[in-house]
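J.: Below is a structure I'd like to ask you about.
The values are calculated or read from the model by the stated rules, or taken from the named source; none is laboratory data. Since we're looking at a predicted model, the values are computed, not measured. Cβ coordinates were reconstructed from backbone atoms using ideal geometry, including for glycine residues, and neighbour counts include every protein chain displayed.
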C-alpha cells in the first residue's frame, strides 16, 4: 500500500514539514512516483520501529480488525521459546525456522532463504537487543493464520542492529497475507514502545506473564480504536 506524505505524517504523528525534512536528509524509505513522494506501509513500519519513531494510534486502525488476531493470540499461535541456540545470525535464523509451528507443506528451507535475503537488505535488529526477522512477501507462506513467534537466545549474537548492540530476543512474523503481516507488524511495533512490555521482554519472564502483558496491549489498542470511532 502506497501512502502519501500527509498519511505518513499522520501515522508517525509528525508534521508534513518533518517528513519532507527526513526525506531531504535521506533518513527514511520513500519512492518517487510521477513526481510525487509515496511510502510503502511495510517499509515505513520497519523504519519507524528500527529508528524508534513513536507511532500514532492511527497506524493500528483496521477496516475489519475482527478477522485478524491480536498480539496475545498471535503469540499463542507462534509460541514462546527459551534458550535458543546459535552462534551467529545465520545459525540463529536456521534454528528458529526449524522451531516454528508451520504446516508440513511449508518449505522451511525456502523460508530461511527468504529471511536471510531480507537481512541482506538491512538488519531487522531494532535496538535494545531485539530483532524482528520477517519476510517481505508474507503471501508466499501458506499457513492458516498470521502468527508471531518469540525466541529468547541462549547467548546474544551480532545482528548489525542500528544501535550496535547484539541481539538476545527475536520476534518472527509469519502470515498468509500482506494485510495480516502489516497488522501484526504494527501491533508489535506499538508494543515494543510500551515500557511494561519492553521490561517483561528484557527480563525474559515466563510465557504466561508475557501473554498477560500482550493482552494488556490489545486492550489499549481496542480502547484507542473505540475512542477514534466515537469521535
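J.: Report the residue count in the stretch 59-91 for those that are at pLDDT below 80, within 16 Å of the chain's Cα centre (by Cα) and in a helix (DSSP H, G or I).
T.: 2
J.: I'm told residue 115 meets every condition in (1) closer than 20 Å to residue 52 by Cβ; (2) part of a helix (DSSP H, G or I) except one. Can you identify the failing condition by its number?
T.: With respect to (1) closer than 20 Å to residue 52 by Cβ; (2) part of a helix (DSSP H, G or I), residue 115 is out only on (1).
J.: Let me ask something else. Any idea how many residues of the stretch 8-27 are at pLDDT below 90 and either in contact with a strand residue (DSSP E or B) (Cβ under 7 Å, 6 or more places away or on another chain) or buried (at least 18 other Cβ atoms within 10 Å of the Cβ) (or both)?
T.: Residues that pass the stated criteria total 4.
J.: Now, a different point. Among the residues in the stretch 133-145, are any at pLDDT 85 or above and buried (at least 16 other Cβ atoms within 10 Å of the Cβ)?
T.: Yes, the stretch 133-145 contains a residue that is at pLDDT 85 or above and buried (at least 16 other Cβ atoms within 10 Å of the Cβ).
Residue by residue, here is whether (1) out of contact with any strand residue (DSSP E or B) (no Cβ under 6 Å at 6 or more places or on another chain); (2) over 22 Å from residue 179 (Cα atoms) holds:
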position	(1), (2)
84	no, yes
87	yes, yes
90	yes, yes
93	yes, yes
104	yes, yes
114	yes, no
119	yes, no
124	no, no
130	no, yes
